[in-house]
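A short reminder: the numbers here are calculations on the coordinates, not readings from a lab. In this text the structure is predicted, and so the values were computed from the model without any measurement. For neighbour counting, all protein chains shown are included, and Cβ atoms are generated from backbone atoms with ideal geometry for every residue, glycine included.
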Amino acid sequence: MMNSTIQAPGLPVVTCTGSPAERGEQHGEALHGLIAEGLGRWAESIASTQGVAPDTYIAGFVEGTDFLPAIRRWTPGLLDEIEGIARGSAQPWQWIYAYNLLDEEWTWASDQKAGTAPGCTVAGFATEDGTTLLAQTMDIPNIHDGTQAVLRSEPEDRPAALIFTRAGMIGLTGCNEEGLAVVVNNLDMLPASRTGLPVAFVMRGILERRSLADTVDFVSQVAHATGQHYGIAAPEGLASVEAWATGVAVSPESGARLLHANHPLYTNETVGDAESRYQRSRTRQRLDYLEREAGPSRDVLGVQELLSDCTVPVSLGAERPSMTFGAVVYECTVPTRMWVTPGPPHEHAFRSLTWSSTREPVAAGTSSAA
């Protein structure tokens, strides 16, 4: 098997080729140290917040949910990839599998709902010159800081993809060489299920498609495990889809602008105390900021500046329990251009990753709006 790792400053970029199992194994081998570090911090967090042994908690989570049938139906290759990650990193399969159920574990852990609510901020623009831009801040618990990585996945029969992730996970957000990109916002106030397709698998399933219409069809057809907004962009434009256990809602307006945070815009089917979650994640304030400051259009540097806000704030430092783990901007040309920062964009410069003539990802310099 072949695997290559290049290093943008502070950010490993791992190229994985071959079958799903081979790509997973290359991921696991190349990032085994970061995977062990991330799992170790997660285990410590579980012990302190759940009050039970981490192995007991993980076993209960895996055995108490039933996502595997949906994964086998809709994205079977990703199970092989996860098995490969476990082998390559010499970690237990059950732990790697659970580590890939980020949003689903948040829903499972009742005290997580009572703590800091997850929050991501999304902005997309179909510019006047015909270029589509899509971007987001990725906010997750600060225990994962330092495990940021980019995967350059080369499937045998699907488009190659650049995927921003935490080491050991099949992906958080990404783009493919056909000009398609996807970003996500957690909507855990919408109905969830212990079956259905988990968020990371939906995201990767989107990146297997080649057109905006195909991706919207895919997201509309699958059964969803967790409430989530999927912002999707391609050369032909933007799509905004909210999905949850009992429904899917596609924005009736594609338009030239897509703005979203962590409250649903197309459905009222919330459960529990949604308002307290909105207040903890400042979702309304972040969306208000976007609507006030975004304007009708922005270029790449303008979008980076938008995500670097420290007033609401949009960009959260690592001193917060939920931090901005990274931020991405995608320019949806063919092939897609990706800018990524491994941490809060008000503190870290964006790195540009482009496709070379040999289809390798190349770190192509830095830019910063901070």
- Item | GNM top mover of V303, V122, V312 - the chain, alpha-carbon springs below 10 Å | V312
- Query: Where does the charge balance sit around G317 when Lys and Arg score +1, Asp and Glu -1, over other residues with C-beta under 12 Å from its C-beta?
  - Reply: -3
- Item | Angstrom value of the Kirkwood radius, inverse mean 1/r, which spans all Cα pairs in segment 139-243 | 14.2
- Can you bin segment 1-93 into rounded, prolate or oblate? Criterion: square roots of the alpha carbon gyration tensor eigenvalues sorted a ≥ b ≥ c, rounded for a/c under 1.5, prolate for a/b above b/c, oblate for the rest. oblate
- Note on the structure: Checking rank on 61-72, 198-209, 214-225, 12-23, with mean other Cβ inside 10 Å and highest first, the result is 198-209, 12-23, 214-225, 61-72
- Taking 0.36 nm per residue of separation and subtracting the Cα-Cα distance, what length does fully extending D129 through A318 add? 64.4 nm
- Full-stretch length increase - L265, E156 - with 0.36 nm per residue and alpha-carbon distance subtracted: 35.5 nm
- Item | the chain, Rg to Rh (Cα coordinates; Rh as Kirkwood inverse mean 1/r) | 0.92
- Message: Give me the one-decimal nm value for the distance between modelled label points at R87 and L68, 7 Å along each residue's Cα-to-Cβ direction.
- Response: 1.8
- Message: Modelling each spin label as a point 7 Å along the Cα-to-Cβ direction, I'd like the Q94/R210 distance in nm, to one decimal.
- Response: 4.2
- What ranking of E293, E105 emerges when the number of other C-beta atoms within 10 Å of each C-beta is taken as an exposure proxy, fewest first? E293, E105
- Could I have the simple spin-label model distance between E275 and L301, label points 7 Å from Cα toward Cβ, reported in nm to one decimal? 4.4
- Item | FRET efficiency, 1/(1 + (r/R0)^6) with R0 51 Å, evaluated for E37 and E253 via beta carbons | 0.75
- Note the direction-averaged projected area, equal to a quarter of the hull surface, for the Cα convex hull of segment 145-198, in nm². 5.4
- Query: Which residue, G272, G237, G77, has the most motion in a Gaussian network model of the chain that connects Cα atoms within less than 10 Å?
  - Reply: G272
- Task: Compute the label zone of D55 within segment 92-109: residues whose backbone N is under 19 Å from the point 7 Å along Cα-to-Cβ.
- Result: 92-99
- Task: Give me D309, D55, D129 ranked fewest to most by other Cβ atoms within 10 Å of their Cβ, as a rough exposure proxy.
- Result: D129, D55, D309
- Message: Helix-only estimate, please: 222 nm mean residue ellipticity of the chain, summing -39500 (n - 2.57) across DSSP H runs of length 4 or more and dividing by its residues, to the nearest 500.
- Response: -10000 deg cm²/dmol
- Item | Residue order, fewest to most beta carbons within 10 Å, for T107, T226, T49 | T49, T107, T226
